[in-house]
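See structure below.
The values are calculated or read from the model by the stated rules, or taken from the named source; none is laboratory data. As the structure is a prediction and not an experimental result, all values here were calculated from the model. Note: ideal-geometry Cβ built from the backbone for every residue, glycine included; neighbour counts use all protein chains shown.
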């Protein structure tokens, strides 16, 4: 047990958040390469992007805007600023990466599992440096900190609603593979994001 935790330094936050955002951006690239969807705010942005043809990055950035007020009021200025920086960086990277990381072929099963694993690790890095990708993740962290109900479980519930709606918009095979990726992602968070075990901020 850690008895004298120390806060992360600025350089530790920068490297941790940079790795987290990069992992999430690569994970989303794998996801969209095989035409799958996901949950949370990113899932809403992906679905909107597919249906409208708008780029994911700007849509994701816009959807997150209403959540910053909640983040600021309940989770503090540092968390809000870090989340805003992370969302902005992810929005830019998801536009920059695809033409520079062209995938000729990717099996949906591998794509879904790899997406869930990589993106889950990316989110863990952000959480451990007091950041997030905003949106429903902010709500999940707030519920975990105030009630003890795991953030991963909160996100699974939100995902269930999003995927229920997606079932009416996309082929069931797409929804099934996408659901697998979301489950893997949320299990990574559920089993590894424990503030009682990792308390440096």
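Below is a table of values for the structure above.
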quantity: Residue ID - nearest to residue 57 (Cα to Cα), chosen from residues in the stretch 106-132 that are touching a helix residue (DSSP H, G or I) at 6+ places or on another chain (Cβ under 6 Å) and outside any helix (DSSP H, G or I); calculated: 132
quantity: Helices (runs of 4 or more DSSP H) completely within the stretch 1-77 that count 1 or more residues being surrounded by 23 or more Cβ atoms within 10 Å (Cβ to Cβ) and at pLDDT 85 or above; calculated: 10-33, 40-52, 56-64
quantity: Pair list, Cβ < 9 Å and 6+ apart or interchain, from the stretch 147-171 residues that are at pLDDT 85 or above to residues that are exposed (fewer than 12 other Cβ atoms within 10 Å of the Cβ); calculated: 169/51
quantity: Qualifying positions in the stretch 86-105 - touching a helix residue (DSSP H, G or I) at 6+ places or on another chain (Cβ under 7 Å) and either in a helix (DSSP H, G or I) or surrounded by 17 or more Cβ atoms within 10 Å (Cβ to Cβ) (or both); calculated: 86, 87, 88, 89, 90, 91, 92, 93, 94, 95, 98
